[in-house]
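Right, one structure below, let's go through it.
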Amino acid sequence: MAKQPSFTCTSCGASHTKWSGQCDACGTWNSIVEEAPLSAGPSKKSLGNVRGKQVPLSDLSTKDDPPARTVSGVAELDRVLGGGLVEASAILVGGDPGIGKSTLLLQAAARFARGGMDVIYVTGEEAAEQIRLRAARLGLENSPVRLAAETNLRDILTTLDAEQPKLVVIDSIQTMWADNVDSAPGSVSQVRAASHELISFAKRRGTSVILVGHVTKEGQLAGPRVVEHMVDTVLYFEGERGHQFRILRAVKNRYGPSDEIGVFEMTGRGLAEVTNPSALFLADRDRPAPGSVVFAGIEGTRPMLTEIQALVAPSPHSQARRTVVGLDSQRLATILAVLESRCGIPFAGLDVYLNVAGGMRVSEPAADLAVAAALLSAREDTALPSDTVVFGEISLSGALRPVTQAENRLKEASKLGFASAIGPEQKKQARVPGMTLRTMTDLVSFVQEMFGTD
Ligand code: TYD
Ligand code: MG
């Protein structure tokens, strides 16, 4: 029987029997490529009547020991991992080229190795010499990390099998190739096969494996999303160009919270931990400035203050501009609509620019009220008191909805020298000494109190 050509979407990994311009699974255009089949074996055969062995069944109340964890000593990394590296776990670290993935993982590998762990760093992108140069720059040349510059998966697995390390870093998964799959490294079937082999090796041998993955322009991991499903933990390393800080964000974690972040700063000697990110993300705030509002947010388990900035100006164009950096533009559209229809404040004919200072990304709905406050403050050219933080979710009716962890938000604000806060009414009102909290039930009363009748 002739081999069936199969077509795969490079964006979502869905398989198709024929080529088409748009993937009907994820809707991406021009993402379908022809792939050699993963296996040449018969595909139509049923399992037949050969019996397997019966698997033992357990119940939900059986107590297992919590997974063994090793802390690296890099607190920001350990936190994102959920309290340290879990034995025999598979971790994917994604990020744009040049963001600092190799730097982060070399530093982490060195820390683990210094703590007595047997660590192998496999690079398929750079020569061993380049890694050594980087290690020297980071002051890590004496760390007992073992190094290999190799892309052949069979050779790598043979080496790992003989050496039995506790942690292996693969930089990057897109450069690895398995010789049983006849397509180029980086293609969907190669990435899938190499990840599968490495992850199943890790599970069998009790080795933890960290895979580095590149991210496409659209912000997705290059190659199939299936790698994200195969691993236990997916971390994204992100940052804005022109800013020194980097954020390691957990987007999936079978062993810990999945919305945790770690903050680093790229220095001349590698990545340094940032233990107080709120101070970093608050720009100079000596004078109250119209259009600038401090949002008391929560990232994962950690409170974090960020400054939301808005600029509103008459538009010279027939269609007004809406430019958003660091926030969801749909969210801005919703807030503008609520301001217009519930509070009667139109933004038609006005250009709106919205920005989170420092290049931070905010995705919490609790930022709504701070966004609305920044927009109004810019539109009215009236600054909010500079010692005030704002939080609260706005519903389509214009009501303010309660948020989680109000008390932690207030504590962080108080720690950074803020004296008052504006937020929604909560069932259990949070109280923090030294902070006055003004609660409001809806956006209309907020507008009236802060900006007079309008
Ligand atoms: P790298 O870790 O190679 O990125 P990735 O593996 O994600 O592609 O980091 C490359 C960038 O980091 C490069 O632009 C130089 C910068 N850098 C520093 O600023 N300081 C340092 O100590 C190091 C090692 C790199
Ligand atoms: Mg790299």
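The values are calculated or read from the model by the stated rules, or taken from the named source; none is laboratory data. Just so you know, these numbers come straight off a predicted model, no measurement behind them. So basically every Cβ, Gly included, is an ideal-geometry build from the backbone, and we count neighbours across all protein chains shown. In case anyone asks, the SASA skips ligands and DNA or RNA and just uses the protein heavy atoms, side chains included. Shrake-Rupley method; radii C 1.70, N 1.55, O 1.52, S 1.80 Å.
Rounded to whole Å, give me the distance from the Cα center of the range 239-278 to that of the range 125-181.
Rounded to whole Å, the Cα centres lie 24 Å apart.
In Å², and per residue, what accessible area does the range 117-185 have when probed at 1.4 Å with the other protein chains present? Intermediate values should be presented prior to the final figure.
Numbers: 3330 Å² over 69 residues.
On a per-residue basis, 48 Å².
Output the antiparallel fraction of DSSP beta bridges having both residues in the range 237-392, as a percent to the nearest 5. Before the final figure, lay out the partial values.
Working: 26 of 32 bridges.
Within the range 237-392, antiparallel bridges account for around 80 percent of the total.
Expressed as a rounded percentage, what relative contact order does the chain have, with Cα pairs under 8 Å and six or more residues apart? Walk me through the numbers before you get to the answer.
On the way: 934 pairs, mean separation 54.0, N = 454.
It rounds to 12 percent for the chain.
Spit out the partnerless Cys residues in the chain, using Cβ distances under 4.7 Å as the pairing rule.
That list is 343.
So for the chain: antiparallel DSSP bridges make up what percent, rounded to the nearest 5?
Values: 43 of 82 bridges.
Approximately 50 percent, going by the DSSP bridge assignments.
How would you classify the range 277-371 from its alpha-carbon gyration tensor, with a ≥ b ≥ c the square roots of the eigenvalues: rounded for a/c under 1.5, else prolate if a/b is greater than b/c, otherwise oblate? Each step should come with its number before you reach the end.
Details: a/c = 2.11, a/b = 1.63, b/c = 1.29.
The shape class here is prolate.
For a test of the definition: using alpha carbon positions, the gyration tensor, and the 1.5 limit on a/c, classify the range 77-232 as rounded, prolate or oblate.
Details: a/c = 1.35, a/b = 1.27, b/c = 1.06.
It is rounded, given that a/c, with a ≥ b ≥ c, falls under 1.5.
Once both axes come from the Cα atoms, what is the angle between helix 368-380 and the longest principal axis of the chain, in degrees from 0 to 90, rounded to 10?
Rounded to the nearest ten degrees, it is 50.
Name the shape class, rounded, prolate or oblate, that the alpha-carbon gyration tensor gives for the chain, where a ≥ b ≥ c are the square roots of its eigenvalues, rounded holds for a/c under 1.5, and otherwise prolate holds if a/b is larger than b/c and oblate otherwise.
Working: a/c = 2.06, a/b = 1.67, b/c = 1.23.
It is prolate, given that a/c is not under 1.5 and a/b is the larger ratio.
Restricting to the range 108-234, compute how many DSSP beta bridges are antiparallel as a %, nearest 5. Before the final figure, lay out the partial values.
Working: 1 of 15 bridges.
For the range 108-234, the DSSP antiparallel bridge percentage is about 5.
Assign unit charges at the C-beta atoms only (+1 for Lys and Arg, -1 for Asp and Glu), then state the dipole size of the chain relative to its Cα centre in Debye, rounded to the nearest 20. Mind showing how you got there, number by number?
Numbers: 47 positive and 51 negative charges, 189 e Å.
The dipole magnitude comes to about 900 debye.
Relative to the first principal axis of the alpha-carbon coordinates of the chain, what is the inclination of helix 101-114, with its axis defined by its Cα atoms, in degrees from 0 to 90 and to the nearest 10?
In the chain, helix 101-114 runs at an angle near 70 degrees to the longest axis.
Run the accessible area of the chain with a 1.4 Å probe and give the carbon-and-sulfur part as a rounded percent. Before the final figure, lay out the partial values.
Working: 11400 of 22610 Å².
That fraction is 50 percent.
Angle, helix 153-163 long axis vs. longest principal axis of the chain, Cα atoms, 0 to 90°, nearest 10?
80
Show that you can apply the helix-only estimate: for the chain, add -39,500 (n - 2.57) for every DSSP H stretch of four or more residues, divide by all residues, and state [θ] at 222 nm to the nearest 500. Show your work: numbers first, answer last.
Details: 11 runs with 116 residues, N = 454.
Using -39500 (n - 2.57) per qualifying helix, the result is -7500 deg cm²/dmol.
When the Cα centres of the range 399-454 and the range 347-390 are compared, how far apart do they sit, in Å?
Measuring centre to centre over Cα atoms gives 15 Å.
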